[in-house]
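Comments concern the structure below.
The values are calculated or read from the model by the stated rules, or taken from the named source; none is laboratory data. The structure displayed is predicted, hence computed values, not measured ones. Please note: Cβ atoms are built from the backbone with ideal geometry, for glycine as well, and neighbour counts cover all protein chains shown. Just so you know, the surface numbers come from the protein's heavy atoms only, side chains and all, with ligands and any DNA or RNA stripped out. Shrake-Rupley method; radii C 1.70, N 1.55, O 1.52, S 1.80 Å.
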Amino acid sequence: MYIVFNTLHGDDIKERGKMRPGAFRGQIGVGVVFVLCASGAAVTDGQAPATAVSPTTGKALYESACMSCHGPDGRGMPRSAVGFDIPVPDFTDCSFATPEPDPDWVTVVQHGGPVRAFDRRMPAFGGALSADEIKQILGYIRGMCTDARWPRGELNLPRPQRTEKAFPENETVGTVAIDPRGGGAVTTEVIYERRLGPRNQYEIKVPFELNGTTPDGWQRGLGDIALGFKRVLNHSLERGAILSAGGEVIFPTGKEERGLGGGTTVFEPFILFGQMLPRDSFLQAHAALELPANRDRASNEGFVRLAVGRTFAQNAGAGRAWSAMIEVLASREFTSGARTTWDLVPQVQVTLPTRQHIAASVGVEMPVNERRGRGPRVLFYLLWDWFDGGFFDGW
Ligand code: HEC
């Protein structure tokens, strides 16, 4: 982990650090490497992958209980053979199989399709198979996707408000940030994220600003549109860790003179890290530089964001999932005399439909220091993982 990070980003950071005064970037690098090492050492147990299973047992159980519908190779039996119209999933298709975490599949196998708003033709095996037998079967099914480049869905940790996730996603998020100070300001943003193959993802962010703090009264309109790309560098379900890097370009599409944008193109290289911890806890980290093209309008900046949290599943996984998180945000301009600003963001996320593909989150961003010109903001988002179903499906 350290080597990947160091070659791909550490050198880059040090290089920039030499070019300009203010070695804070180096500190970000060191800080994050430290986090990576520290958390890498704390290998998880709670959510660690299924222990090695004997393939013959898993295979034999699969053949007797699942094969009649899911087929000898896991691709699903044809409709003519199963006698119903519902398509049976293809377990050899990594793009379908890998994003699904084991606990979700265990829930479906134990309680049947309807527990996650799937079809009732996926039967419940909770009475017929022991937890260990289900684990063995899933171990066998997991071997049907043979491309190890796809990170597993367990590493897809709950989305914090400000810390970006390392896992590549197919989702649409709508966010609202309310700043009640002065005349008030509301930023709503639509974020579209799309996965490209096993490791890559691009995203588009379109903000809409409503600003009541300008001298000319309320202003509203498009803010600065951003385009981003990220790539998974390293992932391991055994270590419960995922590391990604990427970049974002923020375009000055908002009208700065009306208080609706930054007025310059900004380049933002970043790294993202996620670590599963025991007992459904997790840690996520996000470090980035913000490099404006026009430095008369904005100065270079760097930030580090950390999120720690824990997920609580209702009804032993059959109900909603609640995730409590707290984020620590540190940000600093690279100008002489600038100080690091700190914020805390306590928040809670909950999955809404039975399918669990839509989640809502609410949090408060609270400045800890440098409070002049900064106040608490209320943050809200609604997230739709459209890969798992339509917005109105699965409730
Ligand atoms: C009678 C037919 C049938 C049998 C037997 C059966 N399944 Fe299924 N299974 C289905 C169907 C149909 C679906 C798709 C449901 C949907 O998409 O609505 C499905 C879906 C699934 C899913 C995917 C859930 C998701 O997240 O998309 C898993 C995992 C699964 N089955 C595992 C098993 C295992 C393990 C066994 C054996 C212990 C088994 N199934 C036996 C019919 C069956």
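For the reader, a short list of remarks on this structure follows.
- For A185, residues with placed amide H under 5 Å, excluding near neighbours: D179, G212
- Charge dipole of the chain about the Cα centre (unit charges at C-beta), most positive-ward option of P168, V108, G182: G182
- The listed peptides 343-349, 252-258, ordered by packing as a protection proxy, come out as 343-349, 252-258 (highest mean of other Cβ atoms within 10 Å first).
- For the range 315-390, trypsin sites (Lys or Arg not before Pro) meeting the loop criterion (DSSP other than H, G, I, E, B) and having at most 13 other Cβ atoms within 10 Å: R339, R371, R372.
- In plain terms, the chain from V378 to E257 could stretch by 41.0 nm, reckoned as 0.36 nm per residue minus the Cα-Cα distance.
- Residue-normalised accessible area of the range 55-142, expressed per residue, 1.4 Å probe, Å²: 50
- In this structure the amide hydrogen of G71, modeled in the peptide plane, comes within under 5 Å of the amide hydrogens of G76, M77, none closer than 5 places in sequence on its chain.
- Coupling constants for the range 241-246 follow from the phi torsions by the Karplus curve (6.51 cos²θ - 1.76 cosθ + 1.60, θ = phi - 60°), and in residue order they are 10, 9, 10, 9, 9, x Hz; glycine and proline get x.
- When the helices of the chain are scored as -39500 (n - 2.57) per DSSP H run of n ≥ 4 and the total is divided over every residue, the value at 222 nm lands at -5500 deg cm²/dmol.
- Two-site FRET efficiency, D216 against D147, from Cβ-Cβ distance with R₀ of 56 Å, rounded to 0.05: 0.50
- Of all accessible heavy-atom area on the range 152-388, the percent that carbon and sulfur account for (1.4 Å): 56
- Counting charges near R220 (Lys, Arg +1; Asp, Glu -1) among other residues having Cβ under 11 Å from its Cβ returns a value of +1.
- Spin-label model distance (nm) - V249 vs N200, 7 Å beyond Cα toward Cβ: 1.5
- Placing +1 on the Cβ of every Lys and Arg and -1 on the Cβ of every Asp and Glu, with no other charges, gives the range 152-388 a dipole of roughly 380 debye about its Cα centre.
- Taking 0.36 nm per residue of separation and subtracting the Cα-Cα distance, full extension of the segment from E63 to S299 would add 78.7 nm.
- Proximal charge balance of V328 [Cβ under 12 Å; K/R count +1, D/E count -1]: -1
- What separates the Cα centres of the range 336-378 and the range 210-232 is a distance of 18 Å.
- For the chain, the relative contact order is 14 percent, taking Cα pairs closer than 8 Å that sit 6 or more residues apart in sequence and dividing their mean separation by the residue count.
- To the nearest ten degrees, helix 24-41 and the longest principal axis of the Cα atoms of the chain are 20 degrees apart.
- Each residue of the range 85-95 was assigned a 3J(HN,Hα) from its phi angle through the Karplus expression (A = 6.51, B = -1.76, C = 1.60, θ = phi - 60°), giving 8, 5, x, 8, x, 9, 6, 7, 7, 4, 5 Hz with x at Gly and Pro.
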